[in-house]
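Following: one structure in structure tokens, then a few remarks.
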Amino acid sequence: MTTLHSTSSTISSSTRTIRIGSRKSQLALIQTYWVQEQLQKRFPNISFEVQTMSTQGDKILDVALAKIGDKGLFTKELELAMLNEEIDFAVHSLKDLPTRLPEGLVLAAVTERENSADALVVHEKYKDKQIDTLPEGTVIGTSSLRRLAQLRHQFPHFTFKDVRGNLNTRMAKLDDGEYDALILAVAGLQRLGMSNRIHQVLPTDVSLYAVGQGALGIECRSDDLEVLSLLKAIEHIPTRDRVLAERAFLRELEGGCQVPIGVDTQLQADTLTLTGLVASVDGKQVVKDSVTGFVNEAEQLGIQLAQSLRQQGAQDILEEIFKTIHRG
């Protein structure tokens, strides 16, 4: 099932300690410890040590994400630590990693993708409902403009409220009745052992997912050949092909993590189909299209789709959004 890179036979067998950087959140640590475990199994003679730090996105919890910037909100501090050689690589939720990386850093590996979809999580009183049967005025919590725009488009009768904090905090707010439902990533719930709270996995005709959602991206210094070789051992090629197309699409549109841009990629043998969407925050304007081509042209497909959507009106939508949100 898993397709992995073969590992270079030139990897050093020295006693060097490899320092892994991670955010301090529970989900980030679960993901980082998983990467540490995978590498330790493959390279038992090398020591892998986790170092944690807080990012700007972790510290500012009382402001909507779109209002505090979209450039490296959850990655900048880790990237500085890599460039200063305080850590050797960092593990990110790939959807949080900007498509343009600082000079000297590269996306070294992408792990096998978990379920990339969004999930509906409901308050107990709505346990017999689905997204399309929730009543008018239902209070939906989400911190994502992408989810917000798509749901407003299809369900304008809902009420939407921003929700921040870690997953446990959000769940507590839901269970206390502050929200009637939340929209969260399936992968995050699964990794935290909360699969039982997934009430409905949203189909892509309701919510296209974020670029890179469900996959982990591992970033390191471009000149650290030993670490680059180590990380290739846990790279999942089919996932990398899919996210290369997605990230090229996002990069070409100059969209950040906090812009209403959604994607879906399907890979069949050597054929890749990429679907992309750009929506206005109010959900009233939506531009959506798909392209299909050979998987070895993944990035070109992403660029092609972005240019197609731009010609169909996506550029006007994005320029209007950029006027109102901070792009720090």
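Give the angle, between 0 and 90 degrees and rounded to the nearest 10, that separates the Cα long axis of helix 298-309 from the longest principal axis of the Cα atoms of the chain. Result, in degrees: 20.
Along the axis of the charge dipole computed for the chain (Cβ charges of +1 for Lys and Arg, -1 for Asp and Glu, origin at the Cα centre), the listed residues V50, A279, F160 are led at the positive end by F160. Packing around the peptides 107-114, 293-300, 240-247, 45-52, taken as the average count of other Cβ atoms within 10 Å per residue, puts them in this order, highest first: 240-247, 107-114, 293-300, 45-52. Counting protein heavy atoms only, the chain has 47 percent of its accessible area on carbon and sulfur, 1.4 angstrom probe.
Accessible area per residue for the chain, computed on protein heavy atoms with a 1.4 Å probe, is 44 Å². For a test of the definition: using alpha carbon positions, the gyration tensor, and the 1.5 limit on a/c, classify the range 239-312 as rounded, prolate or oblate. Cα axes put the range 239-312 in the prolate bin. To the nearest ten degrees, helix 26-42 and the longest principal axis of the Cα atoms of the chain are 30 degrees apart. Spin-label model, M53 to I30: label points 7 Å out along the Cα-to-beta-carbon direction sit 2.5 nm apart.
The values are calculated or read from the model by the stated rules, or taken from the named source; none is laboratory data. Here the structure is a predicted model, which is why all the values come from computation and not from measurement. When we count neighbours, we look across all protein chains shown, and the Cβ atoms used for this are built from the backbone with ideal geometry, even at glycine. Protein only, heavy atoms only, side chains kept; ligands, DNA and RNA dropped before computing areas. Shrake-Rupley method; radii C 1.70, N 1.55, O 1.52, S 1.80 Å.
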